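Here the structure is laid out as structure tokens; the discussion comes afterwards.
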Amino acid sequence: MGFAHFWLSGFDQIRTGFWAYFAVGLENGSLYAMIAVGYTLVYGVLGLINFAHGEVFMCGGFAAVFLTHGILGDRVANGWESVFLILAGIAIAGSVSALVATGVEQVAYRPLRRRNAPKLAYLISAIGASYFLQTLAGKEFGYGQNIFPAQVFPAGQTMFFIGKTPIHTIQVVCLVVGTAMFVAADRIVRSTRLGRGIRAVAQDSETSALMGVNIDRTITLTFIIGGSLAGAAGFLYALQNGIVQSSGTELGIYAFTAAVLGGIGNLRGAALGGLLIGLFGSFSVPFAFEGNISWTEIYTFIILVLVLIVRPTGILGEKSGRTA
Amino acid sequence: MNLLSRSSLKRLLAALLLAGVVTLMTGAPGGYGVPAYTGLHGSFLERVSYFGLFRTQRWFLFLTLGIIAWLVSTYYQRHSLTIRRRLEPVMAIPTQVMQRRTNRWVLIGLVVIVTIFIPKLVHQQFWMYLIVEQIGVWILLALGLNVVVGFAGLLDLGFAAFYAIGAYATAWFTGVLPTPAPFNHPIPTLWCIPIGVGLAMVFGIILGIPTLRLRGDYLAIVTLGFALIIDDFVGTQSGLTGGGEGSLTVPKFAVHVGPVHYTWGISPTPYYYLCFLFVVIFLIAFTALEYSRVGRAWVAIREDEVAAESIGINPLKYKVMAFAVGAASGGFGGVLTAGLIGNINPTLFQYQVSVNVLILVIFGGMGSIWGVAIGAIIVQFVTSYLDNYQPWGYQLNDLYMYIGALLIIMMIFRPAGILPSRRRQREIQSFEVDHEGHLDEVLTGDEP
């Protein structure tokens, strides 16, 4: 098989299965967007990348696994039970992840913040937190073995067709939940008192402290919002792909790429970047050599490096006023 | 102060949380296959008994640990001043001793003599292998990463990638991979040292030139991504790299120069001296580098990039240089590992390995060459002991958990390491004092 033939057949696959790839892209994209929100918010207030955010996402996934198995056992849910379980899963996974995110903030960031440590120290302690959580999860839940939640709706269930392409329930759920949670987060940041605090700290933390914003509380709140979105994403991701200790790092890189692509520090940019990266990843699947899925990762990584070189402020730029 | 006051109860909660984490860390691994001994059988909580924390008598350990931690912290809270005042003179003794030049030379002499005679002192082959593979090679890796993290202040999380590149280049050029060697002409392993080092350096420069313009955290995540991809690549491209099995038959080192014919065989002792030689060369070379023009440029960039640029230092050039030196030593470690162990597979070069090397640098003290070397010996000795004897519920895969925890602890309590480089320590302290009260900078750190 020649090289040209390989690319042509890739385009051919995209032409014939466009809607299927598009649906998968949107599904993954909404998950990436939900995780990217956490990166972008924390970057806004602290000015640094929360390396442990991928692990926050992973913890949410595991929480949902245990919750759904605890309630449902090995049955398959149906009807209103599914709806209830999805909502409960999102709530529990979100809260567990928010808790983990706050814990990371308290343990790995706050002592350094008290001491005014240099930036390298934050990075190193965040990486420590990330590896700690990842390996602890590996110890408790096994390495390299995907764990699935109980079936809150039959696996591979089709909701409706576009043309001849089946659209699965999980894809619709991901898109709907992702949109809803993103809109909620956007509203919180844009129009509530707490959100005003977040934006104020992002712009100028010293002045905002003088104006009576409680910085510690604002930072905690930021981690909670980012964490709960990531946790919900973890639950939805686990429904489709199962969850394993290393998913956090992998998805974390995708979501980080999304946040940078959209413009890190910019909430709407994170959503846009997430969807774009999701679609890009999905449409690059036919171009994986030997059908090896890790090529998607390589392509995404190339995008990340390109964006960082060409336009480090991303598509929408930084609203919080910092440049890369 | 009352034991039941609000702050005290807060401390109790923190202590219990800490105890819970420690109990989980040292407990048995979770798993559905293990029967639950908790009496929760059949109940909803049976799922929860999955965790090591809730099995058998671990409740007891958890509570005891929590209460002890609470009492100790309460005691410390009350008497912290006295304790600190008493500890200070004791802590200062090592620095006082080392400040004397004669003492320093005596110590170095002692260390050299002991290291030369180690093969005579250690009788077990097993431990000799460990010393070579786990300590000797890793000192080299740590010294290399120290140039990047310690000297230039760049966080490189892709070190494992260069390590892998070096090792796989060796396997490729000696012709033991599924792909034939270049020009179908396998070459001896020792010749692979310049090739592996050169290749790793080229990769380092290719990765570095676009990314080193970026801020520190972007660099960290890009290098992490790079390591992830290399890890993926060598693990899955079985046609090229042998996949998960890698290669079992990398030839041993051998010298054939004129009348000298020598092959490193099965006994670990010759490898030990080879490693020792390289470590000494690296120590001398990097010490020279530290005080050279390049080393001083690194310090200038690390402390204030804008100021460095204004006096005519090209930051990108020197950063790429640091990155290339780091990558080269990673590649060197890779070649050496391949030659020593004789078999390579992706598990040796997982992207987590970068963090393993990072902790050696952080623990010893960023930027302090002797600190890093000694830190590497201590940490690697402890980890190989843990891996081989598995005391206190330690399992093989737990390593990165402890490393992660150690990274956080070091950053909180001793960011400059156990044997800090004096310059680095001053930098950190002055940074912290300078930025006191400047909330904006406190939150965002130093913007380059």
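Nothing in this text is a laboratory measurement; each read-out follows from the coordinates by a stated rule. Predicted model only: the values in this text are computed from it and were never measured. Virtual Cβ from ideal backbone geometry, glycine too; neighbours counted across all protein chains shown.
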Grab every C-alpha pair in region A:238-299, bin the distances at 5 angstrom width from 0 up to the longest one, and report whole percents.
-> 4, 18, 21, 23, 21, 10, 2, 0
Cβ-based exposure ranking for A:181, B:201, in which fewest neighbours within 10 Å come first = A:181, B:201
Projected-area average for region A:174-234 over all orientations - Cα convex hull basis, square nanometres = 4.0
Compute the long axis of helix A:247-262 from its Cα atoms, compare it with the longest principal axis of the Cα atoms of chain A, and write down the angle in degrees, 0 to 90, nearest 10.
-> 70
Region A:38-144: trypsin sites (Lys or Arg not before Pro) in DSSP coil with no more than 12 other Cβ atoms inside 10 Å | A:75
Show me B:338-350, A:258-270, B:100-112 ranked by packing, highest mean number of other Cβ atoms within 10 Å first.
-> A:258-270, B:338-350, B:100-112
For region A:24-310, go through all pairs of different Cα atoms, get the mean of 1/r, take its inverse, and jot down that Kirkwood value in Å.
-> 19.1
FRET efficiency, residue B:252 to residue B:14 (Cβ-Cβ, R0 56 Å, nearest 0.05) | 0.55
Kindly count the pairs of lysines across the protein assembly as shown whose alpha carbons are less than 24 Å apart, treating pairs on different chains or eight or more residues apart as eligible.
-> 4
Distance between modelled label sites at residue B:280 and residue A:190, nm, 7 Å Cα→Cβ extension = 6.9
Measure off 7 Å from each Cα along the Cα-to-Cβ vector at residue A:315 and residue B:72, then give the distance between these two points in nanometres to one decimal.
-> 5.2
Across A:103-116, the residue-averaged tally of Cβ atoms belonging to other chains within 10 Å stands at 4
Listing B:231, A:204 by rising number of other beta-carbon atoms within 10 angstrom, fewest first, gives A:204, B:231
Ranked list, fewest to most other Cβ atoms within 10 Å of each Cβ, for B:156, B:232, B:217 | B:232, B:217, B:156
Using only atoms on other chains, find how many Cβ atoms lie within 10 Å of each Cβ of peptide A:42-50 and report the average.
-> 3
Checked region A:1-98 against the a/c 1.5 cut and the a/b vs b/c comparison, axes a ≥ b ≥ c from its Cα gyration tensor; verdict oblate
Could you state the principal axis extents of the C-alpha atoms in region B:65-121, from the largest down, to the nearest angstrom?
-> 48, 29, 8
P(r) of region A:97-148 over all Cα-Cα pairs, binned every 5 Å from zero, in whole percent = 5, 19, 23, 20, 15, 9, 5, 3, 1
Say a paramagnetic label sat at a point 7 Å from the Cα of residue B:303, along Cα to Cβ; which residues of region B:125-157 have their backbone N under 20 Å from it?
-> B:147-155
What FRET efficiency do you get for residue A:204 and residue B:87 if R0 is 51 Å and r is their Cβ-Cβ distance, rounded to the nearest 0.05?
-> 0.80
Dividing the helical contributions, -39500 (n - 2.57) per DSSP H run of n ≥ 4, by the residues of the protein assembly as shown yields a 222 nm value, nearest 500 deg cm²/dmol, of -23000 deg cm²/dmol
Sorted largest first, the Cα spans of region B:119-444 on the principal axes come out in Å as 63, 48, 41
Using r as the Cβ-Cβ distance of residue B:292 and residue B:104, and R0 as 25 Å, what FRET efficiency do you calculate, to the nearest 0.05?
-> 0.70
Starting from 0 in steps of 10 Å, tell me what percent of the Cα-Cα pairs of the protein assembly as shown lands in each bin.
-> 3, 13, 23, 26, 21, 11, 4, 1, 0
Residues of region B:86-118 with backbone N under 16 Å of the label point set 7 Å from the Cα of residue B:422 along Cα→Cβ are B:92-105
Two pseudo-spin positions, 7 Å from Cα along C-beta at residue A:80 and at residue B:316, lie apart in nanometres by 6.4
